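Report on the following structure.
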Amino acid sequence: MNIALPLSDKIQNRLFFLTVLATVCFLFYPKYLPMNDLPQHAAQVAALDDLLKHRSPWADMLQINWDTPYLTVYALWLALYQFMGINASSKALVALEFLFFIYTAVKMRKEMEAERMTDWVALTCFFGFAFQWGFVGYIMGIPVGIPNPN
């Protein structure tokens with residue numbers, strides 16, 4: 001079954017781009033993102049920043065676990081945190097994860113020669129269970145885990 005929109009490819013591309021752009025803007029709109037586990041991750045990034053800058057009042061009780069799979073996401077978040085507050089950096093991180101997710105979904109759709117409607121479905125899939133619960137490490141891992149045949 002081929003679901004084709006009665007629009008040219010150029011118009012469909014622009015419409016999809018505008019929708020992605022609007023979605024990213026809406027990620028920055030609320031005061032706090034509606035992600036349950038996000039504050040806990042934000043606290044860990046702030047604590048990591050304090051530990052690395054030797055200004056943590058709990059330095060004698062805390063240590064950095066270099067084996068955690070979250071460290072990659074925390075490192076990116078920590079880099080963003082150096083230029084903006086923890087709340088703004090969390091929104092920027094989720095926006096980057098969203099853009100990375102969409103990029104890999106579109107790339108996979110093209111590689112598999114699937115229908116263009118797949119891009120629109122992928123756009124909505126980002127805001128599922130992992131987003132609702134704030135699993136930032138898992139959200140970043142989804143596009144990394146999508147196989148690249150090249």
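Somewhere in the stretch 53-61, is a residue aliphatic (A, V, I, L, M) and closer than 30 Å to Met117 by Cα? No; the residues of the stretch 53-61 include none that is aliphatic (A, V, I, L, M) and closer than 30 Å to Met117 by Cα.
What pairs come up if the first residue lies in the stretch 102-117 and is closer than 18 Å to Ser8 by Cα and in a loop (DSSP other than H, G, I, E, B), the second is β-branched (Val, Ile, Thr) and open to solvent by 80 Å² or more (accessible area, probe 1.4 Å), and their beta carbons are under 7 Å apart, counting only those six or more places apart or on different chains? Taking only residues 6 or more apart or on different chains, the pairs are Glu115/Ile3. Does any residue of the stretch 123-132 turn out to be surrounded by 15 or more Cβ atoms within 10 Å (Cβ to Cβ) and either among the basic types (Lys, Arg) or more than 14 Å from the chain's Cα centre (by Cα) (or both)? No, because not a single residue in the stretch 123-132 is surrounded by 15 or more Cβ atoms within 10 Å (Cβ to Cβ) and either among the basic types (Lys, Arg) or more than 14 Å from the chain's Cα centre (by Cα) (or both).
Yes/no matrix, rows are residues, columns are (1) within 15 Å of Gly134 (Cα to Cα); (2) surrounded by 12 or more Cβ atoms within 10 Å (Cβ to Cβ); (3) within 18 Å of the chain's Cα centre (by Cα):
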| residue | (1), (2), (3) |
| --- | --- |
| Asn13 | no, yes, no |
| Val45 | yes, yes, yes |
| Met84 | no, yes, yes |
| Ser89 | yes, yes, yes |
| Leu96 | yes, yes, yes |
| Thr104 | no, yes, yes |
| Lys107 | no, yes, yes |
| Glu111 | no, yes, no |
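Apart from one condition, Pro147 fits all of (1) at pLDDT 90 or above; (2) closer than 28 Å to Leu80 by Cα; the exception is (1). Output yes when any residue across the stretch 57-78 is open to solvent by less than 40 Å² (accessible area, probe 1.4 Å), at negative phi, modelled with pLDDT of 95 or more and not charged (D, E, K, R), and no when none is. Yes, the conditions are met somewhere in the stretch 57-78.
The values are calculated or read from the model by the stated rules, or taken from the named source; none is laboratory data. As the structure is a computational prediction, the values presented were derived from the model and not from experiment. We place every Cβ from the backbone using ideal geometry, glycine too, and count neighbours over all the protein chains shown. The area values use the complete protein model at the heavy-atom level, side chains included, leaving out ligands, DNA and RNA. Shrake-Rupley method; radii C 1.70, N 1.55, O 1.52, S 1.80 Å.
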